[in-house]
Amino acid sequence: MSIAISSLTFRYPGSGAGVFGLDLEVPPGAFCAVIGPSGCGKTTLLQLIAGFLRPDAGRIALSGVDVAAVPPKDRNVGVVFQNYALFPHMTALENVAYPLKLRGVAAAERRRRAGEALEKARLSAMAERRPGQLSGGQQQRVALARALVFRPRALLLDEPLSALDAAHRAAMRDEIRAVQREHGIATLHVTHDQEEALSIADMVAVMEGGRLLQVAPPRELYDRPVDRFVAGFVGHANLFEARVSGGLLETPVGPLASLDPLPPEGSAVTVLVRPEALEPIAEAHAAEALARDDGALVLMGAVTRDRFLGSLRRFDLAVKGGTILGETSSQAPILGVRVPPGAVRVLPPEAPAGVVHDQPDGRTTR
């Protein structure tokens, strides 16, 4: 069971909004999260795959079958919506059995299969309750069981956790992943929550302006973003305009060394430094930090903003030439930071619009 789209295009009538020339493949059993700013086209993509919108051009294949012209009810796709869309007058069992009823499954068989689906969702005891008698997390599990009970070709999730509080959201995303793995079904998950996307997905697709900018495994996407937009959108980032000079990167905060290959002398590039890759300098260890000779740039300054975030602390350090964002678990006073060469990423030159797929051998292709 796989999802594959190619050259997929759709324009909303009377506007320039839509999606344009999308190419994406979600292999059998893979979990793909789609992220991007509001209005980037991620929900439009999901609606096109589900059949709620008809594409202007391109191909949509589910398990190898082109369904671009097939009505939604005949696509055999499971969809979990943001508001779950449960029938309030039906019990949990009846809600889960409903897709089977639409497909002409006999009453006894659909009751059996719905019961099994609720058992897997750990909701057997709630089978006769209506949605209004269930918690948000329980409703979410009913919606997921309903989407999977008819053994769909693909599973589409439209921000299904956004209505839950933070504690339940973390637990439910792990549960969704476990259920998805058990069924081995290709899944497309639209979300605005980057932590959610990075923590559960096999692959993450970043969209902007109706186009796919990069599709990659979470770690690759975070460590090797394809351009400035992706680098700044995914996680927190220090981004500096720089020029290659004498084997270093001349930036507003000072000359940075990098382990990445550098373009020719004089080239203008964008440099990425993730906040957690910086090494804070505390007063007790300042002399030691300044004495180390490993190619790191030492930046001394003053903390202008300090945010306590529980397990970590995020701070702005004003230095000569600008401000740099850092993260640390230490609560000691900070006098400066070290920027080791391994923390400095050189972003590739801006390329023509089009999705970038990271290859196993480290290449990128459009």
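The values are calculated or read from the model by the stated rules, or taken from the named source; none is laboratory data. Only a predicted model underlies this, so the values are computations on that prediction, with no experimental measurement involved. Because the Cβ atoms are built from the backbone with ideal geometry, glycine has one as well, and the counts that use them run over all protein chains shown. Accessible surface areas use protein heavy atoms only, side chains included; no ligands, DNA or RNA. Shrake-Rupley method; radii C 1.70, N 1.55, O 1.52, S 1.80 Å.
Tell me which of Y98, L24, S7 sits at the most positive position along the dipole axis of segment 1-159, charges placed on C-beta atoms (Lys, Arg +1; Asp, Glu -1). Checking the options against the dipole of segment 1-159, the answer is Y98. A probe of 1.4 angstrom, applied to the heavy atoms of all protein chains, finds M300 with accessible area near 80 square angstrom. Ranking of F233, F31, F52 by solvent-accessible surface, largest first: F52, F233, F31 (1.4 Å probe, protein heavy atoms only, all chains present).
Shown is the FRET efficiency for E25 and F52, computed with R0 = 22 Å from the Cβ-Cβ distance and rounded to the nearest 0.05: 0.55. Consider a paramagnetic label point 7 Å from the Cα of L309 along Cα→Cβ; state which residues of segment 181-205 have an amide N under 11 Å from it. Answer for this model: 195.
In the chain, one over the average inverse separation of all distinct C-alpha pairs is 23.0 Å, which is the Kirkwood hydrodynamic radius. Overall, the chain carries a charge dipole of about 1700 debye about its Cα centre when +1 sits on the Cβ of Lys and Arg and -1 on the Cβ of Asp and Glu, all other atoms neutral.
Relative to the current alpha-carbon distance between D294 and R122, full extension at 0.36 nm per residue lengthens the span by 56.5 nm.
Where Rh is the Kirkwood radius over the Cα pairs of segment 3-83, the temperature 25 °C and the viscosity 0.890 mPa s, what D in µm²/s does Stokes-Einstein return? My calculation gives 186 µm²/s for D. Between D174 and A108, the distance separating the two model label sites (each 7 Å from Cα on the Cα→Cβ line) works out to 4.1 nm. Debye sum, Cα scatterers, segment 59-124, no solvent: what log₁₀ I/I(0) at q = 0.16, 0.23, 0.26, 0.28 1/Å? Results for segment 59-124 at q = 0.16, 0.23, 0.26, 0.28 Å⁻¹ read -0.68, -1.06, -1.16, -1.21. A Stokes-Einstein calculation at 10 °C with viscosity 1.306 mPa s, built on the Kirkwood radius of segment 116-272 over Cα pairs, returns a diffusion coefficient of 85 µm²/s. Largest first, the residues R224, R111 sort by 1.4 Å accessible area into R111, R224. Rg/Rh, computed from the Cα trace of segment 1-45 with Rh as the Kirkwood radius, has the value 1.02. Here the calculated FRET efficiency for M90 and R59, from their Cβ-Cβ distance with R0 = 35 Å, stands at 0.45, rounded to the nearest 0.05. For the chain, the relative contact order is 17 percent, taking Cα pairs closer than 8 Å that sit 6 or more residues apart in sequence and dividing their mean separation by the residue count.
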